[in-house]
Amino acid sequence: MHRSATVFALALALPAVDPQSAAAMPLVADLSSREIAITTGFSGADLLLFGATDGEGDVVVVVRGPVRREVVRRKERIAGIWLNGTSVAFDDVPGFYFIASSRPLDQVTPPETLRKLQIGVAHLSLPTASAHDKDRAESFRSGLRRAMVARNLYSETAAPVAVLGNRLFRTEIRFPANVPTGVYTAETYLFRGGQLTGSTKTPVIVRKAGVEARIFDFAQEQAALYGVVAIVVALVAGWLAGLMFRKA
Amino acid sequence: MQVYLPIAEISLNALLLLGLGGMVGFLSGMFGVGGGFLMTPLLIFIGVPPAVAVGTEANQVVASSASGALAHWRRGNVDLKMGILLLAGGFLGSSFGVWLFTSLRQLGQLDLVIALCYVAFLGIIGALMVAESGRAWLRSHISAMPRRKLHRHTWMHGLPFKMRFRRSKLYISALLPVSIGFFVGILSAIMGVGGGFIMVPAMIYLLGMPTSVVIGTSLFQIIFVTANVTFLQSLNNQTVDIVLALLLVLGSVVGAQLGTRFGMRLRSEHLRGLLGAIVLAVAGRVAFDLTVTPESLFDLGGERRH
């Protein structure tokens, strides 16, 4: 109940298309679905982002996952054993980052613009949580980027955006099975001659659904009772197995 | 068939998990061990986060030891007095172990400590088992080997709080079973094992209990200690995945049946030698992972997500 109310409020707060007439806008975009439900058989999901422009231009699509603090630890070798050594904490780290572009990014717009809009994994600002760590953070920051790419959570290179007749465009967004839950934003940018001429933002909700959601909430909210249930389930399973042993 | 595990937050093949449960169940039925020491590293190897692997495995051991303990209880192979003292130590030890687990997780050193515990304890126990079965093999082939004395009086018999254990035919200090239980409880919480592989040799060689009551009594203790670990891990760390545990239990129930039948055909010193070799292989594998240069020098984690 509580969750669906939040989803509804978000959908109202961040409309995909501004309430002006669509004809006056250089860019409109929408998704095949605004919600990804993680259920028992979940093995990742594909969403289709599609839209139209009012003429020629480069289309860039960025999907950002919910941000959180992430601690990056450097492995150090002590007495032949690799262990976690120094660590740096980063704030505002998106749990997911997808990018697609109709042309290679460096041909779309200058790097300053990409950095300002945080387009491309290399241009994510990823500030350190503590000002102390500023100077030594760079190697940790690129380690963080690589770790997220290795987990298929960040896309290293831009996926293609297909453009039809300089008007319609579409791209497929792949969400792997390990996506974090939360509110995502799908942003679409239109560039002309390197200048940003339009952008839209659409929220996407990734949430656990069905039995999975109930088990997870149960474990988080009523941890003691969950522990008791886990024990009882195991004892009954063991007892039943014991009965089978005797019969066999 | 992919199944999304709600606590581990990854998607794994259900048949793979059933198969793993079956394989470990087969070995545990064959050798009469819980199998936690094999299952936890295997779960970590297929991508389950170490903290979840340890918490969930404790839950699975509750199920597997419950069915084993019932069978031994019916045959009267449980020394209840000894079991309760072991359990008292086990409760303290496992509670302390879960507290240690939580602190190490916050420090980001949990994975390392889990791995080091595996290398140390499996290495020692595996080597002892192989050596012991080698000696037994020698004894059966060379009859001139000197026999060990049945009872040796050591410092342990001078400890206070002596108690009589009728089922085990022992008169020893209550401190001994309590401290063995305490130590095994800590390992149970940190390694996600029942601890039978340490407790059984300790009961035979340190306490001098008769072999007939050792397995039943240790299983009796393991049910309650792993139940305590399951409860505390759920409460403090939310790392018990019921879906994963159930899949493993299903597989291991079937595997254990087959394993028990197969094990009866083998000679006991061969069984012990084989089990020792498997234990050593697991220790070697974990040690290899610790020392090999990692693909990435940077790792994420240590901070709670919610």
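Given H placed 1.01 Å from N in the peptide plane, which residues other than close sequence neighbours of A:Ala45 have an amide H under 5 Å from its amide H? Counting only residues 5 or more places away or on other chains, the set is A:Phe175.
Close amide-amide hydrogen proximity is noted between A:Gln222 and no other residue 5 or more places distant or on a separate chain, at a cut-off under 5 Å (H modeled in the peptide plane; Pro and chain starts excluded). Which one of A:Phe98, A:Phe169, A:Phe42 has the biggest mean-square fluctuation once chain A is modelled by GNM with Cα springs under 10 Å? Largest GNM mean-square fluctuation: A:Phe42.
Across the alpha-carbon set of chain A, the Rg to Rh ratio works out to 1.08, Rh being the Kirkwood radius.
Rank B:Ala283, B:Ala202, B:Ala69 by mean-square fluctuation in a GNM of chain B with C-alpha springs under 10 angstrom and give only the top-ranked residue. Highest fluctuation among the options: B:Ala202. For trypsin sites (Lys or Arg not before Pro), the sites in region A:125-167 that DSSP calls loop and that have at most 15 other Cβ atoms within 10 Å are A:Arg136, A:Arg151, A:Arg167.
Net charge in the neighbourhood of B:Pro41 (other residues with Cβ under 13 Å of its Cβ; Lys, Arg +1, Asp, Glu -1) is -2. Going by alpha carbons, how many degrees (0 to 90, nearest 10) lie between the helix axis of B:211-237 and the longest principal axis of chain B? So the inclination is approximately 30 degrees. Put +1 on the Cβ of every Lys and Arg and -1 on every Asp and Glu Cβ in chain B; which of B:Ile186, B:Met156, B:Gly89 then has its Cα farthest towards the positive end of the dipole? Selected residue: B:Met156.
Give, to the nearest whole percent, the P(r) tail of the protein assembly as shown beyond 39 angstrom, counting all Cα pairs.
So the pairs more than 39 Å apart make up 39 percent of the total in the protein assembly as shown.
Taking every DSSP beta bridge that has both ends in the protein assembly as shown, the antiparallel portion is near 90%. Build a GNM of chain B with springs between Cα atoms under 10 Å apart, and of B:Leu187, B:Leu235, B:Leu247 the one that fluctuates most is B:Leu235.
Scalar couplings 3J(HN,Hα) for region B:279-290, obtained by applying the Karplus form with A = 6.51, B = -1.76, C = 1.60 to θ = phi - 60°, are 4, 5, 4, 4, 4, x, 4, 5, 5, 4, 4, 6 Hz; x denotes Gly and Pro.
By the count of other C-beta atoms within 10 Å, a proxy for reagent exposure, B:Asp299, A:Asp106 are ordered fewest to most as A:Asp106, B:Asp299. So if the hydrodynamic radius of region A:97-223 is defined as the Kirkwood radius over C-alpha pairs, what does Stokes-Einstein give as its diffusion coefficient at 10 °C and 1.306 mPa s, in µm² per second? After rounding, the answer is 92 µm²/s. Relative to the longest principal axis of the Cα atoms of chain B, the long axis of helix B:175-191 lies at roughly 20 degrees.
Using DSSP H assignments, which helices in chain A have an axial alpha-carbon span of 24 Å or above and a mean Kyte-Doolittle hydropathy of 0.0 or higher? The answer, listed by residue number, is A:223-247. The value obtained for chain B, namely the Cα convex hull volume divided by the number of residues, is 143 Å³ per residue.
Rounded to the nearest 20 debye, the dipole size of the protein assembly as shown about its Cα centre is 2980 debye, using +1 on the Cβ of Lys and Arg and -1 on the Cβ of Asp and Glu. Our coupling estimate for region A:153-163, obtained by passing each phi through the Karplus curve with A = 6.51, B = -1.76, C = 1.60 and θ = phi - 60°, is 8, 10, 8, 6, 10, 6, 6, x, 10, 7, 10 Hz, Gly and Pro reported as x. The largest-to-smallest principal axis extents of the Cα set in region B:1-119 are 43, 36, 27 Å. Using the alpha-carbon atoms, what tilt in degrees (0 to 90, nearest 10) does helix B:242-263 show relative to the longest principal axis of chain B? The angle comes out at about 40 degrees. Look at the stretch A:72-83: the mean tally of other chain Cβ atoms within 10 Å of its residues' Cβ atoms is 5.
Charged neighbours of B:Asp111, selected by a Cβ distance under 12 Å, balance to +1 (K, R count +1; D, E count -1).
Each residue of region B:67-83 is assigned a 3J(HN,Hα), and the resulting list reads 5, x, 5, 4, 4, 6, 4, 4, 7, x, 9, 10, 8, 4, 4, 5, x Hz, derived from the Karplus form 6.51 cos²θ - 1.76 cosθ + 1.60 (θ = phi - 60°), x at Gly and Pro. Counting only Cα atoms, the size of region A:184-248 along its three principal axes is 79, 30, 16 Å, in decreasing order.
Residues whose amide H falls under 5 Å from that of B:Val3, counting only those 5 or more places apart or on a different chain, are B:Leu12, B:Asn13, B:Ala14, with hydrogens built in the peptide plane.
For region B:174-306, would you read off the P(r) tail past 17 Å as a percentage of all alpha carbon pairs? Walk me through the intermediate numbers first.
Details: 6487 of 8778 pairs.
Cα-Cα pairs of region B:174-306 separated by over 17 Å account for 74 percent.
Under the combined filter of DSSP loop state and at most 14 neighbouring Cβ atoms within 10 Å, region B:238-276 retains these trypsin sites (Lys or Arg not before Pro): B:Arg265, B:Arg267.
Only the coordinates and a few stated rules stand behind these numbers; no lab work does. Keep in mind that this is a model prediction, so the values were computed, not measured. With ideal geometry, Cβ positions are generated from the backbone for all residues, glycine too; neighbour counts draw on all protein chains shown.
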